[in-house]
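Below is one structure, written out as structure tokens; the observations come after it.
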Amino acid sequence: MLDEIPLSKPVIDEADIRAVTDVLRSGRLALGPMQERFEHTIASITGRRHAVAVSAGTAGLHAVLVAMGIGPGDEVVTPTFSFVASANSICMAGAKPVFVDIEPKSLNADPEKIEAAITPRTKAILAVECFGNPEHMDTYRRIADKHEIKLIEDACEGLGGRLNGEPIGSFGHAAVFGFYPNKQITTGEGGMIVTDDDHLADRCRSLRNQGRATQADANRQDSAGAGALGSGWMAFERLGYNYRLNEMSAALGVTQAARLPELKERRQEIADQYTQRLLDNTDIILPNVSGNVGMSWFVFVVRLASTYTSAERDRIIGGMHRHDVGAAPYFPCIHLQKHYRDHYGYSEGDFPVAESVSQRTLALPFYPGLTKRDLDFVVGTLELMLSRENLTRRD
Ligand SMILES: *Cc1c(COP(=O)(O)O)cnc(C)c1O
């Protein structure tokens with residue numbers, strides 16, 4: 001059930017509704033012109049040669065890993081403090097996720113720990129712009145280049161952000177965005193792969209469409225005298241998936257992306273308001289953004305002071321829900337989720353920084369439609385819950 005003031009809420013305007021109904025009226029619901037328009041839009045925002053629209057961020061990450069030839073026997077280094085999809089995509093490809101701890105300021109993977117985790121079996125670093133913060137992406141790129149492995153950006157939380165002026169999505173050999181309704185822009189469900197690598201883009205296009213032969217496959221076969229795409233549309237060159245994005249979603253993506261600058265600005269305003277309201281509260285640790293970072297705020301996550309336990313944090317979240325205010329623990333560490341404990345033997349204590357942070361995080365309601373009154377109510381409720389915890393402690 002949705003709280004009165006939920007954690008997130010998409011902004012759908014009349015232009016969005018018109019774009020989707022136009023597609024419905026056109027009768028062309030899949031594999032039409034909107035997919036390509038949306039791809040051009042995201043390629044231009046990120047400054048990349050290619051964009052490949054897919055049905056979800058997770059699907060995009062999986063397709064990129066497979067397109068890079070990463071699979072059984074390979075290792076991929078990734079932070080444990082992220083949404084579970086980051087590591088799930090590595091398992092889906094049949095490779096082994098090797099977790100690393102985070103650096104507590106940006107909450108992104110600690111570059112030194114990444115370097116220490118690289119072995120001869122490591123094929124890629126799958127790095128995450130946690131909550132929309134791209135700090136260290138340039139360092140990850142240098143580490144990947146030095147070890148001649150790939151850098152994949154899980155940019156699902158970061159569309160529109162920058163580091164030293166460079167857009168999120170431009171650091172990795174490939175980057176993947178997600179458009180679930182809580183992201184900066186939404187297509188309902190959807191994702192986008194971006195890359196400058198012609199071959200990789202071609203592979204991803206084939207993989208999203210059942211492994212269908214692409215023009216590059218046809219050209220290769222022509223030059224080998226193999227008779228090109230003899231069976232044309234029904235030629236399948238490799239095992240693929242159905243990761244296509246439908247036309248309604250793609251059309252929504254085009255109109256949403258056109259408003260990205262204003263949506264981003266509005267999110268910045270709300271982040272600033274939260275910061276002002278909570279600055280003097282010694283029970284709260286605020287997000288800490290470096291000067292060279294242009295945040296694209298995905299969520300607004302505060303941390304309780306280190307004197308708080310995870311049980312106290314969870315009680316505070318429960319209390320906020322009872323006042324109809326959304327709140328959530330972002331994120332539980334991935335290495336402590338059942339699949340990763342059971343299959344890779346991870347346990348408590350493996351990554352102390354991420355574990356300590358994740359026990360005390362609290363995501364607050366955060367979306368462009370959040371009014372000043374809503375925000376006052378959220379902060380008031382949070383302060384009430386904190387004072388209750390402090391009273392209980394004294395008893
Ligand atoms: C949202 C998200 C994804 C992808 O989500 P989908 O629901 O598959 O689109 C992947 N990684 C991170 C870090 C995310 O936040």
Counting other Cβ atoms within 10 Å, keep those with at most 16, restrict to DSSP loop, and tell me which trypsin sites (Lys or Arg not before Pro) in the stretch 1-37 are left.
R28
Just name one of L207, T307, P79: the one whose Cα is farthest towards the positive end of the charge dipole of the chain (beta-carbon charges, Lys/Arg +1, Asp/Glu -1).
L207
Other-chain or far-sequence residues with amide H under 5 Å of L163's (modelled H):
I168, G294
Using amide H atoms built in the peptide plane, which far-off residues or other-chain residues are under 5 Å from G172 H to H?
E153
Placing each pseudo-label 7 Å from Cα in the direction of the beta carbon, D314 and E348 end up separated by a distance in nanometres of 1.1 nm
Quick check on packing: order 328-334, 131-137, 83-89, 151-157 by the mean number of other C-beta atoms within 10 Å, highest mean leading.
151-157, 131-137, 83-89, 328-334
If you take the beta carbon distance between H339 and R25 as r and set R0 to 45 Å, what does 1/(1 + (r/R0)^6) give as a FRET efficiency, to the nearest 0.05?
0.55
How large is ³J(HN,Hα), in whole Hz, for each residue of the stretch 115-126 in order, when computed from phi with the Karplus curve 6.51 cos²θ - 1.76 cosθ + 1.60 and θ = phi - 60°, using x for Gly and Pro?
4, 5, 8, 6, 10, x, 8, 6, 10, 7, 9, 9
Tell me, what ³J(HN,Hα) does each residue in the stretch 253-268 have, in order and in whole Hz, if you take phi through Karplus 6.51 cos²θ - 1.76 cosθ + 1.60 with θ = phi - 60° and put x for Gly and Pro?
x, 5, 6, 5, 4, 5, 9, 3, x, 6, 5, 5, 5, 4, 5, 4
Roughly how big is the chain's charge dipole about its Cα centre, with Cβ charges of +1 (Lys, Arg) and -1 (Asp, Glu), in debye to the nearest 20?
560 debye
Using modelled amide H (1.01 Å from N, peptide plane; none on Pro or chain starts), what sits under 5 Å from the amide H of I285, excluding residues fewer than 5 places away?
R303, L304, A305
Among T21, A124, N88, whose Cα projects farthest towards the positive end of the dipole of the chain, with charges put on the beta-carbon of Lys, Arg (+1) and Asp, Glu (-1)?
T21
In whole Hz, what ³J(HN,Hα) sequence does the stretch 320-332 give by Karplus (6.51, -1.76, 1.60; θ = phi - 60°), x for Gly and Pro?
5, 4, 5, 8, 6, 10, x, 6, 7, x, 9, 10, x
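Computed from the coordinates by the stated procedures, all read-outs in this text should not be read as laboratory data. Keep in mind the model is a prediction, meaning the values are calculated, not measured. Because the Cβ atoms are built from the backbone with ideal geometry, glycine has one as well, and the counts that use them run over all protein chains shown.
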